[in-house]
Amino acid sequence: NAGVTQTPKFQVLKTGQSMTLQCAQDMNHEYMSWYRQDPGMGLRLIHYSVGAGITDQGEVPNGYNVSRSTTEDFPLRLLSAAPSQTSVYFCASRPDRRGNQPQHFGDGTRLSIL
Amino acid sequence: KNEVEQSPQNLTAQEGEFITINCSYSVGISALHWLQQHPGGGIVSLFMLSSGKKKHGRLIATINIQEKHSSLHITASHPRDSAVYICAATFTGNQFYFGTGTSLTVIP
């Protein structure tokens, strides 16, 4: 059982480039989300999805796009990378939208924008 | 406003010491979560609780709903416990709000 799988683990981009961070889960979870982790700050929610075809913005959505065409996959797209998007990105999933259940996290993607 | 605060920010302990990490939150919650993040690694859920106390091995988590406060205790600490411990709370909107983490180093 792989859980939540994120790729790539590391990526370096130049300002203005675009890329997609991949996230897949094999637990049939309805709820998936993307967070960014920056030094001195708690994890912040970028976008989330409560099921296939349904997405919504979190606390820091600007500069990011998501889609959820299947239950398993929830890719995060950077449209035009900026140095402020240098961060560690985590994908997470849980069975449904209720907050009183644990989240399962991927191993993270460390992204540097030059 | 949904806020979660942790203390201390950094903690160094000798192997075998009893460790306490604190978490306070601003308003009523639906659940309080403790997470562990090893250097360069992913994040693992340790506990989820809404009342009372939970124990897993040498780890104990407690919560006091009236005081809006939770603690994570580690008994007989070991160098392998070195990690960042994160407190998170879910409020009525079901989103997770995270503390900034406590970086724990246990010295042999």
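Nothing in this text is a laboratory measurement; each read-out follows from the coordinates by a stated rule. Keep in mind the model is a prediction, meaning the values are calculated, not measured. Positions of Cβ are backbone-derived with ideal geometry, glycine not excepted, and every protein chain shown enters the neighbour counts.
Between A:D96 and A:T5, the contour length at 0.36 nm per residue exceeds the alpha carbon distance by 30.9 nm. Each eigenvalue of the Cα gyration tensor of chain B, multiplied by 5 and square-rooted, gives one semi-axis; in descending order these are 23, 14, 12 Å.
Remark: mean inter-chain Cβ contacts per residue of B:91-99 equal 5, using a 10 Å Cβ-Cβ cutoff to other protein chain atoms. Computed over the Cα atoms of the protein assembly as shown, pair by distinct pair, the Kirkwood hydrodynamic radius stands at 18.0 angstrom. Over chain A, all Cα pairs binned in 10 Å intervals from 0 give whole-percent P(r) values of 15, 50, 29, 5, listed from short to long.
Each Lys or Arg adds one and each Asp or Glu takes one away; over the other residues whose Cβ falls under 10 Å from the Cβ of B:I107, this sums to -2.
Listed by chain and number, the aspartates and glutamates placed with their C-alpha closer than 17 angstrom to that of A:K9 are A:D38, A:D73, A:D107; residues fewer than eight positions away on the same chain are left out. Given q = 0.14, 0.16, 0.18 Å⁻¹, what are the Debye log10 I(q)/I(0) values for segment A:1-47, with equal point scatterers placed on the Cα positions and solvent ignored? Scattering profile of segment A:1-47, log10 relative to I(0): -0.49, -0.63, -0.77. Counting only other chain Cβ atoms within 10 Å of each residue's Cβ, the peptide A:88-98 averages 2.
The order of B:F18, B:F96, going from fewest to most other C-beta atoms within 10 Å of their C-beta, is B:F18, B:F96.
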